[in-house]
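The values are calculated or read from the model by the stated rules, or taken from the named source; none is laboratory data. The model shown is predicted, which means the values in this text are computed figures rather than measured ones. Cβ placement follows ideal geometry from the backbone for every residue including glycine, while neighbour counts extend to all protein chains displayed. Just the protein is used for accessible areas: all its heavy atoms, side chains included, with ligands, DNA and RNA removed. Shrake-Rupley method; radii C 1.70, N 1.55, O 1.52, S 1.80 Å.
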Amino acid sequence: MRDRLGRECVYVPSCRFGLFVALRHWCPPGGRVLMSPVNDDVIFFVVLAAGLRPVQAPLDPFDASIDIDAVPDETWGSLSAVLTTNLYGNPDPAPELRSRCDALGIPLFEDGAHAIGSEVGGRPVGAWGDASVFSLSKHAGAQTGGILALADPDRSTAVREACAELLAPRRMASELAYAVRPYAEAAVRRLGLRRAAWATMGLLGLTEREGIRMPLRPDALAGAVRSAPDLGAHDPWVRVDMHDYRLEPGPVRLRRVHRSLGRLEDVLRASRAGTELLLSTPWARPPADGTVQPLFRVPLLVADRDAAIAALARRRIVVGYLYDPPLDDYAGAAFTDPSPAPGNARWFARHALPVDPLRAREAAEALERSGAQPAEPPEPPEVSEPPEVSASQPPEPPKGVTARGLGPPRG
């Protein structure tokens, strides 16, 4: 990763753990962080755990990147930091955000969880921010681990010490469970038992999501926010889908990480080829500059996403990584500053169908046979007044936004 980014890199047990360390290192408690509302809810809770106020940005409707020009001047002047998402591997406008942050004297953080092979402005994603974080569970497929990359190598010692203070001691049971998990998952796939497995986990109370978003539990969250910065108080939300997110890695995990990274370039080549195929379909919106990134998922924009999900499920293609509704609709003004122009985020969250480019051909065939129609482009955005939302009652999703999904919506 040092060779890839040209930066000092610190191994961390997860992307979310690395982001928490970076936010605490650079940002004063009570600061405001501009971020995308179409994002994993875990990342939202990491920002809250760091004692910061999420500020939701207007988005480009076709790739969910931050629309810099639509952010009001007064919002820019109130920020303590900016956090990119690079959703599914499509880069946010990092060069322009870097210039804005430099002018304001605030840090830029890059979340590269989906974008380990993407580039923007002639540099890899992760080479623009003061700090950037990567997940080794996505393209690398290690199901553990992350990277925290630093622009200033002189900060390395302090960051490593902060990580060490927050790590939980390794547990033999967790290491054994991690060792056997790939074999169990392979057996489930081979026997076609994925649906049965998830139903059984639900009956046993082992799943933490009933839909795409985890339960907000606003009263409990309000109590946690009052104690922030405090990772422990926010642990019930931050650990969802990954209870070992802050666990000290053992030798089994590290060996698998090494093997997975050794295959990374092959995976990125295959992802780029699959992305190119999916971008040629009628449901895609190819990038204006024609650049084909090795996307982690390709967001096809379909009129009826539930029907498209069902069509893919018949081919045993599971759709995850859905982020619907947007975070400001999900959490409300009690916990975040809503976007001044939420329409594009709602449209994208409702219509984006994230398809694994490694299964591009069969996914495209399944959608074509199902008669899936492209989504109609959204109406021009209108600036809205922030809604008044009680801390004890989260807002209802906007009409037409679904909270259903198939498969694990892990982020």
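Computed values, structure above
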| read-out | value |
| --- | --- |
| Label point distance in nm, R255-R314, each placed 7 Å from Cα along Cα→Cβ | 4.4 |
| Accessible carbon and sulfur surface of region 49-132 relative to its total accessible area, %, 1.4 Å | 43 |
| Heavy-atom accessible area per residue - region 274-365, 1.4 Å, Å² | 34 |
| Per residue value of the accessible surface for region 36-109 (all protein chains in place, 1.4 Å probe), Å² | 26 |
| Viscosity 0.890 mPa s, temperature 25 °C, Stokes-Einstein D of region 35-126 from Kirkwood C-alpha radius, µm²/s | 183 |
| Stokes-Einstein diffusion coefficient of region 1-83, Kirkwood radius over Cα pairs, 25 °C, 0.890 mPa s, in µm²/s | 175 |
| Distance histogram for region 259-355 (every C-alpha pair counted, 10 angstrom bins, percent rounded to whole numbers) | 14, 35, 32, 17, 2 |
| Ranked packing of 320-327, 238-245, 351-358, most packed first, by mean Cβ within 10 Å | 320-327, 351-358, 238-245 |
| Net charge contributed by nearby residues that have their C-beta within less than 11 Å of L52 (K/R +1, D/E -1) | +3 |
